[in-house]
Amino acid sequence: MRFKFILILFLFFGNLSSSAQTIIPLFRDSIPNSIPNSMREDTVNWGGKFGGYRNTSKPTLEIYLPLKQQANGTAVIICPGGGYRFVSYQEEGLNIAKEFVQNGTAAFILKYRLPSDSIMKDKSIGPLQDAQQAIKVVRQRAAEWNVNVNKVGIMGFSAGGHLASTAGTHFDSSFIPNKEHINLRPDFMILVYPVISMSERLTHRNSRLNLLGANPKLKMVDFLSSELQVTDNTPPTWITHAGDDQTVDVENTIVFYQALKQHHVASEMHIYPKGDHGFVLNFAPKLWMQSIFDWMKTDALVK
C-alpha cells in the first residue's frame, strides 16, 4: 500500500515537472533597436480571465520542457497573434506550449515587442529581431534544454504567423548582434491562419498599420511580404487556414503555399471551408494539433 502511494506521488510530481516553466529575458544586455521609454505593460483579460499582454517592450521567453525521458529533441518557438497590437498569450501561447510538451517537444513562448515608435528606432524590424534572438538563445542553450540544434522550429498565429514567416524567410540577414554566428534559420515553420502579405490587396490592414505605419514605402511592403521572399532554402512548412476567414484572407496562406511549391519546399496545407478567424481555438489543442505531430514525424522533425 505504501509503495502504491509513493508511486502515485512520483507520477503526480513527475507530470508536474514536465510542464514546469521558467521565464527569462530574451536579451541579457541592452535590447537592440530600442530607445529610452516609460511604456508600461498591461494585461488583457477576456471574460474575467487572463488573455495576453499589451504594450510589450521587454521581450521574454517562457520555457516549457518535457521530461527528459520523454523528450524527442525538437523545439518550437511560439509566436502568439494579436494584430501586432497585443499578444494573445494564453490561447495562442500557454495552451499550445503545454500540448507540445505532452508530446515530447520543448516549447518556448515568445513575448515579443509590439511595434511602436515610442520604444523603437525602427518598429518594422523590432518583432523580427526578437524572433531571431529567440532562435539564437534556444540554439545557444540547446544542450542545457536537451534540444537538438538542428530541430528548432517556429510557430505563429495570425500576426504571429507573419512574424514566424518573416523569421523563416529572412534568416540570411541578422538583425541582432550575432558575433557567435549562430544559425538563425528555423528548421521548420508551423503557420496558423497567418498574415503573410503586407500588400494592399491581401494584408490584414491593422497588422500592416501597426507594423509599418500609415504610409509605408513599397520597398518595406515587399520586404515584409513573405510570399515574395521564399527561396529554395525556406524551411519546410505546415500551414492551415479557414476559407471563410473574415479577418485574414485565406489567400495569404494560398499564395505562400504556391511560393513554397514553386521553390520545391516541402510543405503541407490544410484549408477548411468554415471556421472564420481563430477557428482552431474552438477546439482543445490535442484535437486539432494531431495533424501537426503527424507531419513532424513524417518529416523526421521528431524521432
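Descriptive notes on the structure:
- Built amide H within the under 5 Å cut-off of residue 76, gap 5+: 106, 107, 108, 153
- Difference of contour (0.36 nm per residue) and Cα-Cα distance, residue 22 to residue 95: 24.7 nm
- Sites residue 68 and residue 181, calculated FRET efficiency, Cβ-Cβ separation with R0 41 Å, nearest 0.05: 0.90
- Filter on 121/219; 58/136; 151/219; 68/286; 121/179 - keep pairs with C-alpha separation over 28 Å: 151/219
- Estimated FRET transfer efficiency (residue 220, residue 172; beta-carbon r; R0 22 Å; 0.05): 0.80
- At R0 = 51 Å, FRET efficiency that the Cβ-Cβ distance of residue 263 and residue 40 yields, to 0.05: 0.70
- Those residues of the range 281-303 whose amide nitrogen sits under 14 Å from the label point placed on residue 149, 7 Å along Cα→Cβ: none
- Under Karplus coefficients 6.51, -1.76 and 1.60, residue-wise ³J(HN,Hα) of the range 54-64 in Hz, glycine/proline x: 10, 6, 7, 10, 10, x, 9, 10, 9, 9, 10
- Entry for the range 142-210 at q = 0.27 Å⁻¹: log10 I(q)/I(0) = -1.17, Debye formula applied to identical alpha-carbon scatterers, no solvent contribution.
- Where labels lie 7 Å past Cα in the beta-carbon direction, separation of residue 85 and residue 276 in nm: 1.6 nm
- For the range 149-163, 3J(HN,Hα) computed residue by residue from phi via the Karplus equation (6.51, -1.76, 1.60; θ = phi - 60°) reads 5, 9, 9, 10, x, 9, 10, x, 10, 6, 5, x, x, 5, 4 Hz, glycine and proline entered as x.
- Counted over all Cα-Cα pairs of the range 220-303, pairs farther apart than 23 Å make up 30 percent.
- Seen from residue 149, the other residues with C-beta closer than 14 Å to its C-beta sum to a net charge of +2, counting Lys and Arg as +1 and Asp and Glu as -1.
- About the Cα centre, charge dipole magnitude for the range 20-298 (Lys/Arg +1, Asp/Glu -1 at Cβ), debye: 620 debye
- The range 48-156 - Rg over Rh from alpha carbon coordinates, Kirkwood radius: 1.00
- Counting every pair of alpha carbons in the chain, the share spaced more than 28 Å apart comes to 34 percent.
Values quoted throughout were computed directly from the atomic coordinates according to the rules given, and no laboratory measurement underlies them. Please read all numbers here as calculations on a predicted model, not as lab measurements. Glycine also receives a Cβ, built like all others from the backbone with ideal geometry; neighbour counts cover every protein chain displayed.
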